[in-house]
Amino acid sequence: EPDTAFTLLQAGLALQEALSLSEPEAYVCHVPVAMDATCSGLQHLSALTRDPVGAYYTNLIDNGKDQKSDIYMRVAEVADTSKKDIIGDKPVVQEFWKDFDITRNMAKNPVMTFVYGSTLISTLDTLAMNMSEMGIEPIKDAQGKILFSLNALATPVGKALRKGVQDTVPESALMMKYLQTVVRKHKDVCMQWINPVGVPVLNWAEGHTTKKLFIRSMGVYSITFMVRDNIYNTRAASNGIVPNFVHSHDAGHLCLTILDFDGQCLPIHDSFATHPSDVTALHKSLRGTFIKMYQDYDLADNLLIPNGIDLEAYPQPIQGNLDLNVIEQSRFMFS
């Protein structure tokens with residue numbers, strides 16, 4: 001694939017260099033081998049909710065096959081089966097999508113950004129750009145006037161993909177909705193918590209106000225811009241609670257892994273690279289620290305009760321039966 005071509009080239013050059021030696025086994029390779037999480041946001045939510053279904057599709061659970069589970073492909077398949085119903089009574093759009101399947105590439109961005117607060121509009125913009133890159137053109141009349149733009153054609157697919165994520169990992173979607181509701185219903189509470197390595201997190205979000213600056217330069221008489229109003233905005237905080245919570249735990253997992261792993265590591269968010277000889281040890285550390293982080297984690301004790309949330313009024317979603325210890329045997333949790 002294009003995004004791995006240069007990595008493959010780098011590995012090939014290293015192998016070539018090793019084989020050029022009289023003793024190839026003495027070659028010291030400095031090519032960093034990276035291991036990426038499978039949609040880390042959904043991995044964290046699946047562990048938090050003890051959801052075996054989400055754990056399976058995000059490779060927290062080993063599927064017993066020689067190829068990892070592919071949540072992007074799964075969502076694409078689920079979305080493709082529902083797109084016809086979502087399109088409804090629109091013959092032109094129905095005819096257009098009759099010859100086009102929802103692909104894994106189309107599903108990847110909506111799935112990855114679902115946890116991070118993406119909207120239908122942002123999903124449609126990404127899909128329209130993706131369709132354009134595929135060579136798909138808007139539907140036009142004989143005079144060249146656009147009848148259906150790419151965004152219009154993408155609308156039912158965007159809705160189908162977002163529904164596909166919720167249908168594939170319903171427990172994660174339910175937890176997201178729960179956290180957003182708790183924030184929205186407590187307008188005077190700015191949620192805060194301590195992440196797994198002791199770093200305080202404040203779910204602060206503020207609104208914006210529009211200001212106009214009058215100038216006179218090069219034909220411009222005024223410019224309009226937005227500035228923060230320094231007032232806590234519940235709606236923005238509700239949209240931000242899930243990505244902020246997940247990112248704080250992502251950061252916690254990164255720090256725990258660096259502290260635990262006895263070797264050199266090059267981390268970038270949810271990607272960890274090390275020397276080829278240390279890959280096995282790093283992967284073991286990644287799995288072990290992830291299990292440790294969630295083994296005794298309690299959402300009520302760590303987030304809800306400290307922020308004064310009434311658990312009777314806002315009961316948590318029921319947890320699943322995932323045994324976190326099975327993560328220890330997952331070959332593709334990071335790959």
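The values are calculated or read from the model by the stated rules, or taken from the named source; none is laboratory data. Please read all numbers here as calculations on a predicted model, not as lab measurements. Cβ atoms come from the backbone with ideal geometry, glycine included; neighbour counts cover every protein chain shown. Note: accessible area is taken over every heavy atom of the protein model, side chains too, but ligands, DNA and RNA are not part of it. Shrake-Rupley method; radii C 1.70, N 1.55, O 1.52, S 1.80 Å.
Compute a Gaussian network model of the chain, connecting alpha carbons closer than 10 Å, and tell me which residue from Leu15, Leu45, Leu179 fluctuates the most.
Leu15
Using a Gaussian network model of the chain whose springs link C-alpha atoms within less than 10 Å, name the residue from Met293, Met131, Met35 with the highest mean-square fluctuation.
With Cα springs under 10 Å in the chain, the top fluctuation among Met293, Met131, Met35 is at Met131.
So what's the stretch 14-133 giving for Cα Rg divided by 2.2 N^0.38 Å, two decimals?
In units of the 2.2 N^0.38 Å rule of thumb, it is 1.51.
Could you list log10 I(q)/I(0) for the stretch 278-324 at q = 0.14, 0.22 Å⁻¹, which the Debye formula gives when each Cα is one point scatterer?
Per q value, in the given order, log10 I(q)/I(0) is -0.52, -0.84.
Once all Cα-Cα distances of the stretch 175-230 are split into 5 Å bins that start at 0, what whole-number percent is in each one?
The percentages, shortest bin first, are 4, 13, 13, 15, 13, 10, 8, 7, 7, 7, 2.
Which value, in debye to the nearest 20, gives the size of the charge dipole of the chain about its Cα centre, when Lys and Arg are +1 and Asp and Glu are -1 at the Cβ?
So the dipole magnitude of the chain works out to roughly 1520 debye.
Compare the peptides 234-242, 150-158, 268-276 by average per-residue count of other Cβ atoms within 10 angstrom and give them in order, highest first.
Ranking the peptides 234-242, 150-158, 268-276 by packing returns 150-158, 234-242, 268-276.
Which one, Thr58, Thr123, Thr210, has the greatest fluctuation when you compute a Gaussian network model over the chain with C-alpha springs under 10 angstrom?
Thr210
Give me the percent of accessible area attributable to carbon and sulfur for the chain, probe 1.4 angstrom.
On the chain, the fraction of accessible area on carbon and sulfur atoms equals 55 percent.
What whole-number value in Å² describes the accessible area per residue of the chain for a 1.4 Å probe?
Per residue, the chain has an accessible area of 56 Å².
Give or take rounding to whole Å, what are the principal axis extents of the alpha carbon atoms in the chain, in descending order?
69, 58, 53
Compute the distribution of all C-alpha to C-alpha distances in the stretch 55-213, in bins of 5 Å from 0, and list the percent of pairs in each, rounded to whole numbers.
Reading the bins upward from 0: 1, 8, 13, 16, 15, 12, 12, 10, 7, 4, 2, 0, 0.
Give the shape of the stretch 181-309 as rounded, prolate or oblate, defined through the alpha-carbon gyration tensor: a ≥ b ≥ c are the square roots of its eigenvalues, a/c under 1.5 means rounded, and otherwise the shape is prolate if a/b is larger than b/c and oblate if not.
Oblate, since a/c reaches 1.5 and b/c is not below a/b.
Report the accessible area of Lys84, computed with a 1.4 Å probe over the heavy atoms of all protein chains in place, in Å² rounded to the nearest 10.
Lys84 has an accessible surface of roughly 140 Å² with all protein chains in place.
Can you compute the helix-only [θ] at 222 nm over the chain? Use -39500 (n - 2.57) per DSSP H run of at least 4 residues, normalise by all residues, nearest 500 deg cm²/dmol.
-15500 deg cm²/dmol
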